[in-house]
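> Questions regarding the structure given below will be posed in turn.
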Amino acid sequence: MYTAENQHHYSDLTRQFLENPAKESNLEDLKKILVYHEYKYYVEDDPTISDHEYDLLYKQLEAIEAAHPELITVDSPTQRVSSDLSGDFQQVHHIVPMLSLANSYNEEDLNDFDASIKKLCQLPLDAAVEYVVEPKFDGGSIALVYENDLFVRAATRGNGTVGEEMTPNARIMPSIPLKANFSKHHIVKAELRGEALIRKDNFDRINTEREKEGLPLFANPRNAATGGLRTKDPIETRKRALEAFVYQLAYAIDDEGVSQLPAFNTHFAGIQLLGSLGFKIPEHEMKRCKNIEEVHQFVRLWEARRDDYPYEIDGMVIKVNDLKMQEKCGFTAHHPRWAIAFKFKAKQATSKLIAVEFQVGRFGTITPVAKIEPIYLAGVTVSSISLHNEDFIRNKNIWLGDTVLVERAGDVIPYIVKSFPELRTGSEKPIEFPTLCPINDTPNPIKLIQEEGEAAWRCPTCICGLVDLQKMIFHASKEAMDIEGFGKSIVERFYDLHWIKDMSDIYNLDYEQIKQLDGFGVKSAENLKNAVEKAKKNPIHRVLHALSIHHLGKKASKLIAEQINHVLDLKNWTMERYLEIKDIGPVVAQNVIQWFANDANIAMLERMESYGVNLAQTEEDKPLKVSQDGVFYGKTILFTGTLQRMGRKEAEEKAALAGAQNVSGVSSKLNILVVGEKAGSKLKKAQDLGTVQILNEDEFITLIEENQDISPEH
Ligand code: AMP
């Protein structure tokens, strides 16, 4: 329906209006692009902008029309429900029109809505209106008709008045009862509203299967669901594991044609009735709220929980509960006045890929990073996104200059969901992956290598210093030597000043010079010095980990540290010696051997030692001797939270002397969790498992002491 040229034109206009809102003079263009995006969304299931961006454009239109009512035309998108009619299916008239919903984005909008309801129902402003709040399911809407208890018809929303029939597909969906006992409630004919959805885990499974079969992947569960509704092949609907929630009993008459809806009094009662008849309805995620303040709380709660919910939801819907009040409020041509959608902060948005930078990580790994036109997503501005590696770029068919769909769910780092090759204008270019180290600009640049089985390209020799910088940042970080106050920006600053060239320089700083630095003073230089001095005493397992030896993680560092008296002992260690340690594999071993075979590394360690860094095994590095008997013999134990009567290490020693094996995380293998103050997620996880014995500090000590008292030795 739209030519490629049209599409480019509309996509340019869209960007233009998102940056500079439309005015009356561009009203026609604004309407045209809204109709275009509605077509892409509802008919092709392939939107090129996010819902949030669509809403922003729609609001521009509403604002212009509110200021200039004379400009409203009958075909304006505000005057009708967006249409998903494709013309491929038989069209049917809905018994009751299926409208859209008005949108709200913040508490102020909700308060305005509450005030408008009171006005429409002629209630005083301080009256409390009861609302039902339920999820705004992000799937495809459906209307279901039942006659004499039998399911007879299902249709999509279409243009709100006329929808497309998809009864065979709905019959495949197990959550739609083929028979329901409406007659028990004197209803001979009913029309229900609902939403067809795919659970997120099923969606992942479907996409994994499609990937195996070489089929194009779905961008999100909504697209897969609406496509599954409108396929001509019900088997395909079954494959997509579609489910239907119902959220409204819209029409119900008895055998004399009299509406039975008033018998329910409330929307909530109507939904409960549908639940009792076997339909799938929201449960704890639906709530009756006594007033608008309770609504605020409930929508915020669900905004925070949204990612844990098994289905995609893009907001909550707030509905006046009392049906008589609903009647008083009535409808506009576009939406009921008694309901409003509260839209969550956008998780997805489109942007343009303007450049790709190639960054070098601390192991010389080259990571392509996309620079995009900044967009606001779920509360933060995003302008840089990792593209991971070359395979990622090729699989997603991402070119320079492409329009890309970006997603950021909850706290998750933003990522590129897909590109839109169909919007290319000819100026886009494939991304060229460098074959030479992108940082190194010596006359003989270094060739990148790709190790077997790894997607990443690496710079094998790191002479440009950038890799050293990354290593120093890691070295000082909390995870490694934990030098408080020595964060990334300070490491970068000292590096730029040539004060630190490798890790050893961190321990030989000139604090007199630091005091003079802009932003530093006597106090902060002093603090930094104390933090560095403290780090010098760290156990050697931290030192080993902080060296950034490829694949040598925290756990392997501990295992090795247990076996040596001094870090430099490792100069003489052979492969066999490493492999004697359970859980150390040949890859780590080879990397450590190689690292200690390099004279420059040894010289650096010697410098570190001469500056006072401890390289000898400490008490903390020594393995705990687990007693072969004791009250906890044969049990695994873990401590969490802050203990009051002893330090963590002392507690672990006591546990080991009482026969327990200390472990590092909560799993089904954990037997005992000792809980100190401010215990967090570990306690919750252990409680959820239900198999872990939970002790407080006193109980732990008492158990040990009591056992000692009665043991034969005493
Ligand atoms: P919109 O897509 O913005 O026009 O919003 C209206 C649509 O929201 C309806 O057509 C339904 O498909 C969908 N929707 C999802 N959940 C609900 C719900 N709980 N109540 C009403 N509509 C819902």
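The values are calculated or read from the model by the stated rules, or taken from the named source; none is laboratory data. Keep in mind it's a predicted model, so treat the numbers as computed, not measured. Cβ placement follows ideal geometry from the backbone for every residue including glycine, while neighbour counts extend to all protein chains displayed. Just so you know, the surface numbers come from the protein's heavy atoms only, side chains and all, with ligands and any DNA or RNA stripped out. Shrake-Rupley method; radii C 1.70, N 1.55, O 1.52, S 1.80 Å.
> Give the residue from Asn662, Gln7, Tyr495 lying farthest towards the positive end of the charge dipole for the chain; charges sit on Cβ (+1 for Lys and Arg, -1 for Asp and Glu) and the dipole is referred to the Cα centre.
Going by the Cα projections, it comes out as Asn662.
> Now for a different question. Just for the chain, what percent of DSSP beta bridges are antiparallel, to the closest 5?
Rounded to the nearest five, the antiparallel share is 85 percent.
> Please list, in chain and number order, the residues 5+ apart from His566 or on another chain whose amide H is under 5 Å from its amide H, with Hs placed from the backbone.
Answer set, sorted by chain and number: Gln617.
> Another one. Got a sec? What order do Arg337, Arg288, Arg458, Arg362 fall in by accessible area at 1.4 Å, biggest, i.e. largest, first?
Listed by decreasing accessible area, they come as Arg288, Arg337, Arg362, Arg458.
> Something else about it: With +1 assigned to the C-beta of every Lys and Arg and -1 to the C-beta of every Asp and Glu, and no other charges, what is the dipole magnitude of the chain about the Cα centre in debye, to the nearest 20?
In total the dipole reaches around 540 debye.
> So what is the relative contact order for the chain, in percent, with contacts set as C-alpha pairs under 8 Å and at least six apart?
9 percent
> Same structure, new question: Taking only DSSP H segments of four or more residues, each worth -39500 (n - 2.57), what value at 222 nm results for the chain once the sum is divided by all its residues, to the nearest 500 deg cm²/dmol?
-10500 deg cm²/dmol
> Another question, if that's okay. I'd like the Karplus ³J(HN,Hα) series for region 96-109: coefficients 6.51, -1.76, 1.60, θ = phi - 60°, whole numbers in Hz, and an x wherever there's a Gly or Pro.
Per residue, the Karplus-derived 3J(HN,Hα) values read 10, x, 9, 9, 8, 10, 6, 10, 9, 10, 8, 5, 4, 4 Hz.
> Something else about it: Which distance in Å, rounded to a whole number, links the C-alpha centroids of region 247-307 and region 1-50?
Centre-to-centre (Cα) distance: 35 Å.
> Just the accessible area per residue of the chain, please: how many Å² with a 1.4 Å probe?
Value returned for the chain: 49 Å² of accessible area per residue.
> Compute the distance from the alpha-carbon center of region 120-160 to that of region 501-533, in whole Å.
Centre-to-centre distance over Cα atoms comes out at 65 Å.
> Given H placed on each backbone N at 1.01 Å, which residues far from Leu387 in sequence or on other chains put an amide H within less than 5 Å of it?
Close amide H contacts, sequence-distant or interchain: Val369, Ala370.
> Lys523: which lysines have alpha carbons under 23 Å from its alpha carbon, excluding same-chain residues fewer than 8 sequence positions away?
Qualifying lysines at Cα under 23 Å: Lys478, Lys488, Lys515, Lys534, Lys536, Lys537.
> Which cross-chain or sequence-distant (5 or more) residues have an amide H under 5 Å from the amide H of Val417, H modelled 1.01 Å from N in plane?
For Val417, the qualifying residues are Leu405, Val406, Glu407.
> Can you work out the Karplus-derived ³J(HN,Hα) for every residue in region 112-118? Use 6.51 cos²θ - 1.76 cosθ + 1.60 with θ = phi - 60°, whole Hz, and x for glycine or proline.
Karplus values, whole Hz, x for Gly and Pro: 4, 4, 4, 5, 5, 5, 4.
> Explain nothing, just compute: Karplus ³J(HN,Hα) = 6.51 cos²θ - 1.76 cosθ + 1.60, θ = phi - 60°, for every residue of region 505-517 in order, whole Hz, x for Gly and Pro.
Each residue's phi maps through the Karplus curve to give 4, 4, 9, 9, 7, 9, 6, 4, 5, 4, 4, 7, 5 Hz.
> Order the peptides 493-502, 117-126, 557-566, 543-552 from the highest to the lowest mean number of other Cβ atoms within 10 Å of their residues.
543-552, 557-566, 493-502, 117-126
> Cross-link candidates for Lys40: which lysines have Cα within less than 17 Å, leaving aside residues fewer than 8 places away along the same chain?
Lys31, Lys32, Lys418
> Find how many whole Å separate the alpha carbon centroid of region 328-342 from the alpha carbon centroid of region 580-643.
Between the Cα centres of region 580-643 and region 328-342 lies a distance of 66 Å.
> How much accessible surface area, in Å² rounded to 10, belongs to the heavy atoms of His94 with a 1.4 Å probe?
Roughly 20 Å² of His94 is accessible to a 1.4 Å probe.
> Sort Phe331, Phe203 by accessible area with a 1.4 Å probe, largest first.
Largest accessible area first, the residues go Phe331, Phe203.
> Ignoring ligands, DNA and RNA, please state the percent of accessible area on the chain from carbon and sulfur, probe 1.4 Å.
50 percent
> Something else about it: Sort 271-282, 204-215 by the packing proxy (mean of other Cβ within 10 Å over each peptide's residues), most packed first.
Per-residue mean Cβ counts within 10 Å order the peptides as 271-282, 204-215.
> Treating only the Cβ of Lys, Arg, Asp and Glu as charged (+1, +1, -1, -1), what charge dipole size does region 636-708 show about its Cα centre? Round to the nearest 20 debye.
Its charge dipole is roughly 400 debye.
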